[in-house]
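I have placed the structure first, in the form of structure tokens, so that the comments after it can refer back to it.
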Amino acid sequence: MNFRSYAVIWRYPAVRQAVLLGALGKAPWFGVMVVLTLHVVGDLGQSYASAGVLSAVFTIAVAVASPLRGRLLDTLGLRRTLLPSLILLPIGFVAAPFLGYWALLGVMAGVGLLAVPWFVLTRQLVLAAVPGELRRPALALDSVVTEMAFMGGPTLGILLAVNWSTGWTLTLLALLSITAAVALTIINPPLVSEGRTDTVDGRGGIRSWLSGPVITVFVATVAVAFTLSGTDLGIVAATRAMDSTVMLAVVIIVWGGGSLIGGLLFGSLPRGSVGLTPLIAGLGVTTALGALGWTPWAFTLLMGLAGLFCAPSLAAITERLGEVVPEASRGEAFGWQGTFSTLGSAMAPPVVGFVMDGQGWQLGLIVTGATGLILAGVGLVSLRLGRRGVRAFRARGTRPA
């Protein structure tokens, strides 16, 4: 293991800009998602179902816009892509505290379509900033910082919302995220490397870069997103079933801590030492093993073990997608990856929730891990069958009549 690689990549200014501004942009945005629910249920006096509808509308808008936003980054560049967002998003969030439920629903749909594509941006910037041999630690660092933002942003949002106003907390967090985007726009780091060798101009659309390996990565994205979303639900169900809801925060912190450690360990390994398939398999198996948690503390330790594979799986997916897609089309590809991640996250709650309602949280976690394994296996088998079909077709084509 080579942890010195982290010191090396930190010397690249574009990496520091992407990681630090990405964290400052993502953390408040994660907080916005939590505070939005508190605002709908609290200040607006609506039901949790209504809050769920608003969150679903926002999520669908982000998923629909993600590939287009990514393609605009490829074709128009960072500044021209973000400019409409930097103008319109502040208006929407400043108005948010004064809006009723239905008006807020419409505004959030528009916000989702114009949301700053933080995940696409930071991945592109990191990949463009470092040479190939340093991509793994750079992507692992981005995943680790994102994990920290995921834990810190909602915590900050809840503290502000409880002690202040949910509406103005929503506005403040959104403006903090947008401020980070403004700073990134002013700096305007390159989205592609200077020594790029591909000749694709980024305007060919999905047909120019979609391939069997890319589809496999997208299926792997669904598998990992399904597993992580199902685990979220399983953690809540398990702590409730054990009459230990006070342990919920502890379990989530240990799970996230395991992910941080796993991400740093993954980034210290040389390229090619651990592939995407073993990581997803490890994530699925350790998630299912969570069903053996017979006490709250045993369950917490098992979730920490499962966390070791979270950030590495996400980083490996990004690394693999960056390898199989032309550099000039990475924005669109990462946008589609975001859409498939949303699909996987949306699939898990109804499926896993149905199992847990009928058979308990233990079987729910087993189904979560097993489904992730099955989805990843389907993608891998499909790729291999496709390659065999191509080879067979080519062999038939070269036979003499």
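Residues considered: Thr169, Thr155. Of these, the only one that is hydroxyl-bearing (Ser, Thr, Tyr) and over 20 Å from the mean Cα position of the chain (by Cα) is Thr169. The residue that is nearest to the chain's Cα centre (by Cα), counting only those in segment 37-94 that are within 23 Å of Ser165 (Cβ to Cβ), in a helix (DSSP H, G or I) and small (Gly, Ala, Ser), is Ser55. One residue stands out among those in segment 359-378 that are in a helix (DSSP H, G or I), at pLDDT 85 or above and among the small types (Gly, Ala, Ser): the one that is surrounded by the most Cβ atoms within 10 Å (Cβ to Cβ), which is Gly372. Residues that are buried (at least 18 other Cβ atoms within 10 Å of the Cβ), in contact with a Leu (Cβ under 6 Å, 6 or more places away or on another chain) and assigned to a helix (DSSP H, G or I) within segment 289-307 comprise Gly290, Ala291, Leu302, listed in sequence order. For segment 171-181, the criterion of being out of contact with any helix residue (DSSP H, G or I) (no Cβ under 7 Å at 6 or more places or on another chain), assigned to a loop (DSSP other than H, G, I, E, B) and over 30 Å from Ile261 (Cβ atoms) is met by none of the residues. Which one is nearest to the chain's Cα centre (by Cα) among residues in segment 213-253 that are hydroxyl-bearing (Ser, Thr, Tyr) and modelled with pLDDT under 85? Filtering segment 213-253 for residues that are hydroxyl-bearing (Ser, Thr, Tyr) and modelled with pLDDT under 85, the one nearest to the chain's Cα centre (by Cα) comes out as Thr245.
Residues checked against (1) touching a Leu at 6+ places or on another chain (Cβ under 9 Å); (2) aliphatic (A, V, I, L, M):
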position	(1), (2)
Val34	no, yes
Ala49	no, yes
Ala65	yes, yes
Asp74	yes, no
Thr81	yes, no
Ala96	yes, yes
Pro117	yes, no
Arg123	yes, no
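Taking the numbered list (1) buried (at least 23 other Cβ atoms within 10 Å of the Cβ); (2) within 19 Å of Thr221 (Cβ to Cβ) in turn, Gly322 passes all entries but (1).
Only residues that are in contact (Cβ under 8 Å) with a residue 12 or more places away in the chain, part of a helix (DSSP H, G or I) and not hydrophobic (A, V, I, L, M, F, W, C): list them for segment 254-281, please. Spell out how you get there, then give the answer.
First pass over segment 254-281, keeping only residues in contact (Cβ under 8 Å) with a residue 12 or more places away in the chain: 254-271, 274-277, 279-281.
From the residues that got through so far, the ones that are part of a helix (DSSP H, G or I) too are 254-267, 276-277, 279-281.
Within segment 254-281, Gly256, Gly257, Gly258, Ser259, Gly262, Gly263, Gly267, Thr277 meet the criteria.
Among the residues that make up segment 302-321, is at least one of them farther than 22 Å from Gly267 by Cβ, free of Cβ contacts under 8 Å to residues at least 60 places away in the same chain and in the same structural domain as Phe266 (by TED's automatic domain parsing)? Yes, that holds for at least one residue. Considering every residue within segment 13-28, establish whether at least one is in contact with a Phe, Trp or Tyr (Cβ under 8 Å, 6 or more places away or on another chain) and either acidic (Asp, Glu) or over 23 Å from Leu139 (Cα atoms) (or both). No, segment 13-28 contains no residue that is in contact with a Phe, Trp or Tyr (Cβ under 8 Å, 6 or more places away or on another chain) and either acidic (Asp, Glu) or over 23 Å from Leu139 (Cα atoms) (or both).
The values are calculated or read from the model by the stated rules, or taken from the named source; none is laboratory data. Here the structure is a predicted model, which means the values were calculated and not measured. Heads up, the Cβs are rebuilt from the backbone with ideal geometry, glycines too, and the neighbour counts pull from every protein chain shown.
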